[in-house]
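Below is one structure, written out as structure tokens, with a few remarks after it.
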Amino acid sequence: MIITTNDLTKKFGNFTAVDKLNIEIEEGEVFGLLGPNGAGKTTTISMLCTILKPTSGSAKVNGFDVSAQPSKVRSSIGIVFQEPSVDDLLTGRENLEIHAMLYKIPREVRKRRIGEVISLVGLEDRADDVTRVYSGGMRRRLELARGLMHHPKVLFLDEPTLGLDPQTREHIWDYIKKLSKEEEMTMVLTTHYMEEADMLCNRIAIMDAGKIVVLDNSTNLKKKVGGDIVVLKMDNPNLEKIRKLSFVTSAESKDGSVQIVIKDVDRNLQKLLCKVGRIKSVEVRPVTLNDVFIHYTGKEIRGGEEEGSYWDRIMRSEVNR
């Protein structure tokens, strides 16, 4: 395993951001941490990257202990931060040049490697433009290139498409899939976008309130919910009666509708409709990761507080310790 954690915990005063986290991530895997802001995703990444020290527990990245061997961990990883971190006054190529020098990449190797990563993310035509004229998607691509410069064993991607429009987000997904294949590296991705985790990750850990609620691949997570989703619009639904039906896994009232998880929908949909009374409309759809999240946490994935205020509170707590 290239990453392991043992009861990894981070507290800020009385607030527990990550609570006894135990995960194992295989080499070459794209591993997703899925959850809302404040779930503990970014704090977990920050401990694995040695930005934050664990309160208790331990973690190893590429065989190195994050507390005892932080410099060796840092030399093994690349990071694409949630917040933009390129220098606006420099060109894309100059940003990569500085990163290469910081990681002590030999002068004779730098030019070739910069050319390789620029090509990987499709910035050949804009590499010598100052980055202040880059679009949000171009900045993300440059940050991906920078994270790859020193051939890291693990690339951490913290909300890599946050704030991007849907079309640009899909383009970044394509680049991440391409990089995972061509660079053959382990990637750890945090996100609260369900479709992003579904599209990119070999396995997904759903986090909420600092804990992993469930961990598996996307297909198995959906199977665990136990069927397809039937959405009924109707007046005065009898939820208890619906829940007692042998082929119903769960039934919840939501936004003026009843959302029912039903087994073997082809065989049992007609039986359901005969039992529930008068309905206004019927919708049948497969289970999504959002349904999985609701199933395991009892709530929809939420934006919560703004990430900036979350980190402001965390850093104030650190300073005051």
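Read-outs throughout are calculated quantities, based only on the coordinates presented, and are distinct from any laboratory measurement. Everything numeric in this text was worked out from a predicted model, so none of it was measured. Using ideal geometry, Cβ is built from the backbone for each residue, glycine included, and neighbour counts are taken over all protein chains shown.
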Subject >> Centre separation in Å (Cα based) which lies between the range 119-153 and the range 196-240 >> reply: 35
**OP:** Could you go through the range 105-119 in sequence order and give the Karplus-derived ³J(HN,Hα) for each residue, using 6.51 cos²θ - 1.76 cosθ + 1.60 with θ = phi - 60°, rounded to whole Hz, and x for Gly and Pro?
**Re:** 6, x, 3, 6, 9, 4, 4, 5, 5, 4, x, 5, 6, 4, 5
Subject >> Dimensionless Rg ratio for the range 227-286, taking C-alpha atoms and the 2.2 N^0.38 Å reference >> reply: 0.96
Original post:
Computed from the mean reciprocal separation of all distinct C-alpha pairs, what Kirkwood hydrodynamic radius does the range 105-249 have, in Å?
Top reply: 18.5
Subject >> Principal axis dimensions, the range 1-158 - Cα atoms, whole angstrom, descending >> reply: 48, 31, 26
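Rounded to whole Å and sorted largest first, what semi-axes of the equivalent ellipsoid does the C-alpha gyration tensor of the range 1-93 yield via the square root of 5 times each eigenvalue?
Equivalent ellipsoid of the range 1-93: 23, 18, 14 Å, largest first.
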**OP:** Work out the charge dipole of the range 1-91 with +1 on the Cβ of Lys and Arg and -1 on the Cβ of Asp and Glu about the Cα centre, then indicate which of 35, 23, 67 is farthest towards its positive end.
**Re:** 67
Original post:
Taking θ as phi - 60°, what are the ³J(HN,Hα) couplings along the range 190-197 by the Karplus curve (6.51, -1.76, 1.60), each to the nearest whole Hz, with x for Gly and Pro?
Top reply: 9, 6, 10, 8, 4, 5, 5, 4
Original post:
So what is the relative contact order for the chain, in percent, with contacts set as C-alpha pairs under 8 Å and at least six apart?
Top reply: 20
Original post:
Rg and Dmax of the chain over Cα atoms: what are they, in angstrom?
Top reply: 22.6, 76
Subject >> Taking the convex hull of Cα positions in the range 67-145, its mean projected area over all directions (nm²) >> reply: 5.7
**OP:** Please name whichever of 135, 274, 226 sits farthest to the positive end of the charge dipole of the chain, dipole taken about the Cα centre and charges placed at Cβ: Lys and Arg +1, Asp and Glu -1.
**Re:** 274
**OP:** Would you mind ranking 274, 201 by Cβ crowding within 10 Å, fewest neighbours first?
**Re:** 274, 201
Subject >> Radius of gyration and Dmax over the Cα atoms of the range 36-88, both given in Å >> reply: 12.1, 39
**OP:** Straight distance only, please: which lysines reach the Cα of residue 53 with their own Cα at less than 16 Å, same-chain residues fewer than 8 apart left out?
**Re:** 10, 11, 20, 41, 72
Original post:
Using unit Cβ charges (K, R positive; D, E negative) and no other charged atoms, how large, in debye to the nearest 20, is the dipole of the range 227-286 about its Cα centre?
Top reply: 200
Original post:
Taking residue 263 as the anchor, which aspartates and glutamates have their alpha carbon closer than 17 Å to its alpha carbon, excluding any fewer than eight residues away along the same chain?
Top reply: 228, 252, 283, 291
